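Input: a single structure, listed below in structure tokens.
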Amino acid sequence: MRRVVDFEPHRRQVVAILNVTPDSFYAASRNGTSSGIEERIREAVAAGAAVIDVGGYSSRPGAAEVSPEEEWLRVERGVAAVRRIAPGMTVSVDTFRASVACRAIETFGPLVVNDISAGTLDAEMFPVVARYGVPYIAMHMKGDPRTMQSMTHYAGTVVGEVCDWFRRRIDAMHAAGIADGQIVLDPGFGFAKTLEQNYALLAGLHRLCATGYPVLVGVSRKSMIYKLLGTTPEEALAGTIALGWECLRQGATLLRVHDVREAVDTIRIFETYAANGE
């Protein structure tokens, strides 16, 4: 059976982004050719990634619609390349469609499902995850990639609402038969949140980490960095490292990134610092 990484709540690991898309927000992360996909996989493995996250549908704000069949063809291409080049590597499939997740598992065996909607965009997602018993990354978002940035109103604090929302989604996961050991939470930085709300969420991240579930964060080169600094995604590596450290400090254990070596180094330095603190 294929290896699926153990997302222990206190084990810090790096998830490498593999975009098999033509329109992801960070141009350097777009992999449309076989050689580009293979090079990205080899780089991620050599740099120390624990998981390679394959996506065939850009979730950037205002992203164009992609048909389920086109998404599957992209995902299939990416996962097949990982299986060929690094057969022992854990693979995650970044999709909110149960049909894509199901086809990936049926075709390639056990893998991680990374759902930006935590089951809100496809009612069949929870049953699929429960049926196959695979790890499930559930992210907070309102709306969908086309509408989410028009849905940034929160009646209370963004941290409080995100935590309450996850409590309801976890109850729904349990009702569908998904076990606690399968669940990973992602607060959804940049999804239905303003710049200020992203930093409020960051400041309160420890509250989500206190739930006891592993927490994945995706802040890599995002607009909360480059819009704040008046730069571009290409200039957002230093900010990514800074935010990654703060997320680790508050208890997050999974860093989903474009720049694997830098994230692996950040974890190594953080763990040495934490082990020697008074």
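Between E234, E246, E76, the residue with the greatest mean-square fluctuation in the GNM of the chain (Cα pairs under 10 Å linked by springs) is E234. Amide hydrogen proximity for G188: with H placed 1.01 Å from N in the peptide plane, the residues at 5 or more positions away or on another chain lying under 5 Å are H140, G218. Residues considered: D171, D259, D186. Largest GNM mean-square fluctuation over the chain, using C-alpha springs under 10 Å, is found at D171. Result for the chain in a Gaussian network model with C-alpha springs under 10 Å: among A238, A263, A252, the largest mean-square fluctuation is at A238. Of all aspartates and glutamates in the structure, those lying under 13 Å Cα to Cα from K193, and not within fewer than 8 positions of it along the same chain, are D144, E161. Per residue of the chain, the DSSP helices (runs of n ≥ 4 H) give a summed -39500 (n - 2.57) that works out to -13500 deg cm²/dmol at 222 nm.
Taken per residue, the accessible surface of the chain reaches 42 Å², heavy atoms only and a 1.4 Å probe. An ellipsoid equivalent to the chain, defined through the eigenvalues of its Cα gyration tensor, has semi-axes of 24, 22, 20 Å when rounded to whole angstrom and sorted largest first. From the alpha carbon centroid of region 214-252 to that of region 53-95 is 23 Å. Region 102-179 and region 264-278 have Cα centres separated by 31 Å. For region 21-175, the share of accessible area belonging to carbon and sulfur comes to 53 percent (1.4 Å probe, ligands and nucleic acids excluded).
The values are calculated or read from the model by the stated rules, or taken from the named source; none is laboratory data. Note that the structure is predicted; figures quoted are calculated from it, not measured. Accessible surface areas use protein heavy atoms only, side chains included; no ligands, DNA or RNA. Shrake-Rupley method; radii C 1.70, N 1.55, O 1.52, S 1.80 Å.
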